Amino acid sequence: MRIIILLLLVSFIVGPAFSQRSSKKEIKEPIPSKKEIQSTLSEELNGLNAQIADTEKQLAAAKKNKEDPDTIKDLEEQLKMLKKQANMIGGLNKNLSNISDQVMQQATDQDNDNDVPKRDQKRINSIRKKSLTDQELPSYIKSIHVQVEKTIPAKEMQEALKIYEETKSKWKSAAAVSNAAAGCWIYGHWEKALYLEGKACLENPNDPNNLNNYASYLTMVGAEHAALPILQYLVKKYPENSTIMNDIGQAWYGLGDIDEAKKYLESAKSL
């Protein structure tokens, strides 16, 4: 299970949440080889490092020229996000290097043997029909977070709480909690990741990257019906974002609504 989660994370990371890049993931795309994955991650990391260097130059120039504070803030947020993505990809690449080719092949065979999901009408019917408003979003996240807490074993919950408290004590920011969640996810601790990302979203429901990460985690553990209202909220705010479109498509695919999935995945590819 851990190797499958790790490989699923590749598709999540190499299409960063708000980079406006075209989605390349298709319905039922086979898992590539270890060499191909590492090559893709290396290319992605090189591209991110170039973006980081360019953004740092823009930020330095903006500060030197005393540009509008909002412009500087946007550049700082963009730089923080890029560095976060680079760290995640570097950690994932390092993790993959410790996985044998035999294990990778077994994971590929297991993935290729899986059937297309059957339509889950019960879960589809449970999805709210209206998009969340800014006022409704925090309550919705809290309700999902409470449900997540109920599924986490006691030992995992204790460890997640410890990570949360230590992270908040040291850095005092929702962004740091989100980074901790990403680290837990990379190493296969998905319960901790879900708990921590949920806490990050509750603390700062205005951060679209945290929201997108949370929805992605929910989708990848089989809670697509819980992820979709968050994704639908995001796509109203960022209608031209290919990664959100892709994530919505993947969520519908997991629910077995192939037609709806294709619609969003095709939209993602065209952006």
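The values are calculated or read from the model by the stated rules, or taken from the named source; none is laboratory data. Predicted model, so just to flag it, every value in this text is computed and none were measured. A quick note on method: Cβ atoms are made from the backbone with ideal geometry, for glycine too, and the neighbour counts reach across all protein chains shown. These accessible areas exclude ligands, DNA and RNA; they are computed on the full protein's heavy atoms, side chains included. Shrake-Rupley method; radii C 1.70, N 1.55, O 1.52, S 1.80 Å.
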Residue span LYS168 to ILE258: 0.36 nm per residue of separation minus Cα-Cα distance leaves a gain in nm of 28.3 nm
SASA check, LYS34, accessible area w/ 1.4 Å probe, all protein chains in place, rounded to nearest 10 Å², comes out at 30 Å²
Under the Karplus relation with 6.51, -1.76 and 1.60 and θ = phi - 60°, whole-Hz ³J(HN,Hα) for region 82-91, x at Gly and Pro, equal 4, 5, 4, 5, 5, 5, 5, 5, x, x
In nm, the gap between the two label points placed 7 Å beyond Cα toward Cβ at ARG119 and TYR238 is 3.1 nm
Between GLN147 and ALA61, the FRET efficiency computed from the C-beta separation at R0 = 45 Å comes out, to the nearest 0.05, as 0.45
Under 26 Å between C-alpha atoms, the lysine pairs in region 155-271 lying 8 or more places apart or on different chains count 23
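What full-extension length gain, to one decimal in nm, is calculated for GLU266 and TYR187 as 0.36 nm per residue of separation minus the Cα-Cα distance? Display every interim value, and only then the final one.
Details: separation 79, 0.36 × 79 = 28.44 nm, distance 3.13 nm.
Stretched out fully, the GLU266 to TYR187 stretch lengthens by 25.3 nm.
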Expressed in nanometres to one decimal, the distance between label points 7 Å along Cα→Cβ at LYS35 and GLU136 is 5.1 nm
Candidate cut points under GluC sites (Glu not before Pro) in region 153-251, DSSP loop plus at most 13 other Cβ atoms within 10 Å of their own Cβ, are GLU240
Ordering TYR264, TYR214, TYR187 by the accessible surface of their heavy atoms, 1.4 Å probe, largest first, yields TYR187, TYR264, TYR214
With x for Gly and Pro, the residue-by-residue ³J(HN,Hα) of region 197-210, computed from phi through the Karplus equation 6.51 cos²θ - 1.76 cosθ + 1.60 at θ = phi - 60° and given in whole Hz, is 5, x, 5, 4, 5, 5, 6, 9, x, 8, 8, x, 5, 4
